[in-house]
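**Student:** One structure coming up, written as structure tokens, with questions to follow.
No lab work stands behind these numbers, since they all come straight from the coordinates. This is a predicted model, so every value here is computed, not measured. Backbone-built Cβ (ideal geometry, glycine too); neighbour counts: all protein chains shown.
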Amino acid sequence: MLRFLTAGESHGPCLTAILDGMPAGLEVDLDVVDRDLQRRQGGYGRGDRMKIERDRVEVLGGILYSRTTGAPIALRIENKDWANWRDRWAAGNLPKLTIPRPGHADYAGAVKYGVEDARLISERASARETAARVAVGALVRQLLAEFDVAVGSFVTEIGGVAAEIPTCCHPELWSLAEASDLRCPDDRAAERMRRRIDAAREAGDSLGGVFDVTATGLPVGLGSHVQWDRRLDARLVAAVVSIPAIKGAEIGPAFHNAALPGTQVHDEIHSDGQGGVARRTNRAGGFEGGMTNGMPVIVRAAMKPIPTTVSPLRSVDLETGERAETEYQRSDVCAVPAASIVGEAMVAWTLADAMTEKLGGDSLGEMKDRYTAG
């Protein structure tokens, strides 16, 4: 099975990740990793931090001659902004944060870890950490590609402006999303989203939204129905909701389905004329009984507005106990397009974990042999 950990602070020297369990013999293209890191940095509504960072991955172990060795893979991503913080960091002179921002980890983390300065919490709670997740996701996507599994995403809503998205043709939708600075395949909706973001920026506010992550080419039977923690749809939802600011996720149109009768929800099974079965709909989002059913997997995620806003919110100074207003910390107005890239990484990670769980093997060759054997 796969596992990974990340470490590092938002304004520290770097982010790091350790990826364990990757089979030996996978040819790795680091340019693909860097490309995904750049995709995470883009999107209309991003803040000034992304003008500083130029994320690139450095491999410190586990990959030799462009191939995985079976050993843990160590990754490093430099924080360019570290140069602006190094002296204050070394002198212990970081700006103190005693007024917790509503919606951020500041208050709960300060209480949990018994610290007076919420800066110690915010440095790690920052979404900057997700760059390391994207690097890990870009590696496991290359493992999935060996089995013809592809993962992509697109934005469906920002600030209440919803796009009209067809229910099929996922690779085409991915291509349209890549050409959009909002990762939205619907050009008309994207223009309205830009205007909504501009208005929020002018008002000193922030916006959230919704994005879809889809995966194609998956075999039937990943995951299991036999125990709650082996249900792959549940694992996917948990992985996506672990992304900062993601407050909800659903498999397929789950909440829409909840209002319909069963005959309009369940995907009827037909013969494909070749001894197998086919579906003409995918309302289940690719899952039945916690297992993949051969249809594209669809995960939809809801991102709340970023909790750091130019317009202050009411809070309390933890140092004095007096009423206070939040102080602005440099942030984005809208990061939904970037979050969709992180969503791709977490979905790819969870699916790759399920593939290695299903196939086992210490090398890519072993996995492929078992996959071919069925």
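**Student:** Ranked highest first by the average count of other Cβ atoms within 10 Å around their residues, in what order do 53-61, 178-186 fall?
**Tutor:** Working: 53-61: 16.3, 178-186: 21.3.
So the peptides 53-61, 178-186, ranked by packing, come out 178-186, 53-61.
**Student:** So how far apart, in nm, are the two label points at Lys368 and Asp181 if each is 7 Å from Cα heading toward Cβ?
**Tutor:** Between Lys368 and Asp181, the simple spin-label model gives 4.2 nm.
**Student:** Could you tell me the distance between the Cα centroids of the stretch 219-255 and the stretch 148-209, to the nearest Å?
**Tutor:** So the separation of the two Cα centres works out to 23 Å.
**Student:** Excluding Leu97 itself, what net charge comes from residues whose Cβ is under 11 Å from its Cβ, given Lys and Arg +1 and Asp and Glu -1? Numbers along the way, then the final one.
**Tutor:** Working: positive: Lys96, Arg101, Arg119; negative: Asp106, Glu116, Asp117, Glu123, Asp317, Glu319, Glu327.
The answer is -4.
**Student:** If each residue of separation counts as 0.36 nm, what is the full-extension length gain between Thr281 and Lys96 once their alpha-carbon separation is subtracted? Write out the running numbers ahead of the final one.
**Tutor:** Numbers: separation 185, 0.36 × 185 = 66.60 nm, distance 5.40 nm.
Answer, rounded to one decimal: 61.2 nm.
**Student:** Now a separate question. Arranged by the count of other C-beta atoms within 10 angstrom, fewest first, what order do Trp89, Trp349, Trp228 take? The partial results should precede the final answer.
**Tutor:** Values: Trp89 15, Trp349 25, Trp228 8.
In increasing order of surrounding Cβ atoms, one gets Trp228, Trp89, Trp349.
**Student:** Now, a different point. For the stretch 54-103 and the stretch 261-290, what is the centre-to-centre distance using only Cα atoms, to the nearest Å?
**Tutor:** Centre-to-centre (Cα) distance: 45 Å.
**Student:** For the residue pair Ile52 and Trp228, what label-to-label distance in nm results when each label sits 7 Å from Cα along the Cα-to-beta-carbon direction?
**Tutor:** 4.3 nm
**Student:** Calculate the dipole size of the stretch 3-361 relative to its Cα centre from +1 charges on Lys and Arg beta carbons and -1 charges on Asp and Glu beta carbons; express the result in debye to the nearest 20.
**Tutor:** On the way: 42 positive and 49 negative charges, 72 e Å.
Rounded to the nearest 20 debye, it is 340 debye.
**Student:** If you build a Gaussian network model of the chain, linking Cα atoms that sit under 10 Å apart, which residue out of Gly262, Gly42, Gly137 swings the most?
**Tutor:** Fluctuation is largest for Gly262.
**Student:** Percent relative contact order of the chain, based on C-alpha pairs within less than 8 angstrom and at least six residues apart? Walk me through the numbers on the way to the answer.
**Tutor:** Numbers: 769 pairs, mean separation 86.2, N = 374.
Over the chain, the number comes to 23 percent.
**Student:** Can you tally the net charge around Gly248? Count Lys and Arg as +1, Asp and Glu as -1, for every other residue whose Cβ sits under 11 Å from the Cβ of Gly248. Mind showing how you got there, number by number?
**Tutor:** Values: positive: Lys247, Arg300, Lys304; negative: Glu250.
That works out to +2.
**Student:** Mind checking the angle between helix 364-373 and the chain's longest principal axis? C-alpha axes, 0 to 90 degrees, to the nearest 10.
**Tutor:** 40 degrees
**Student:** Cα axis of helix 187-202 to longest principal axis of the chain: angle in degrees, 0 to 90, nearest 10?
**Tutor:** The two axes meet at around 20 degrees.
**Student:** Please list log₁₀ I(q)/I(0) at q = 0.06, 0.11, 0.13 Å⁻¹ for the chain, using the Debye equation with identical point scatterers on the alpha-carbon positions.
**Tutor:** Rounded to two decimals, the profile gives -0.25, -0.82, -1.11.
**Student:** Take peptides 263-269, 97-103, 187-193 and line them up by average Cβ neighbours within 10 Å, highest first, as a rough protection proxy.
**Tutor:** Working: 263-269: 12.1, 97-103: 20.0, 187-193: 17.9.
Per-residue mean Cβ counts within 10 Å order the peptides as 97-103, 187-193, 263-269.
**Student:** Loop only by DSSP, 13 or fewer other Cβ within 10 Å of the Cβ. Give me the trypsin sites (Lys or Arg not before Pro) in the stretch 265-361 that pass, ordered by residue number. Can you show the working numbers first?
**Tutor:** On the way: sites: Arg279, Arg280, Arg283, Arg300, Arg314, Arg323, Arg330, Lys358; in loops: Arg280, Arg283, Arg330.
The qualifying sites are Arg280, Arg330.
**Student:** About the Cα centre of the stretch 154-193, what is the dipole size in debye to 20, counting +1 per Lys and Arg Cβ and -1 per Asp and Glu Cβ, all else neutral?
**Tutor:** Details: 3 positive and 8 negative charges, 16 e Å.
Rounded to the nearest 20 debye, it is 80 debye.
**Student:** In addition: When the helices in the chain are scored as -39500 (n - 2.57) per DSSP H run of 4 or longer and the sum is shared across all residues, what 222 nm value do you end up with, to the nearest 500 deg cm²/dmol? Don't skip to the answer; put the middle values down first.
**Tutor:** Values: 12 runs with 129 residues, N = 374.
Calculated from helices alone, the mean residue ellipticity at 222 nm is -10500 deg cm²/dmol.
**Student:** Now a separate question. Show me the ranking of peptides 361-367, 272-278 by mean Cβ neighbours inside 10 Å, starting with the highest.
**Tutor:** Working: 361-367: 15.9, 272-278: 9.3.
Ranking the peptides 361-367, 272-278 by packing returns 361-367, 272-278.
**Student:** Between Asp117 and Asn84, what's the calculated FRET efficiency when r is the beta-carbon distance and R0 is 30 Å? Round to 0.05. Before the final figure, lay out each step's value.
**Tutor:** On the way: r = 19 Å, r/R0 = 0.65.
Computed FRET efficiency for Asp117 and Asn84 comes out at 0.95.
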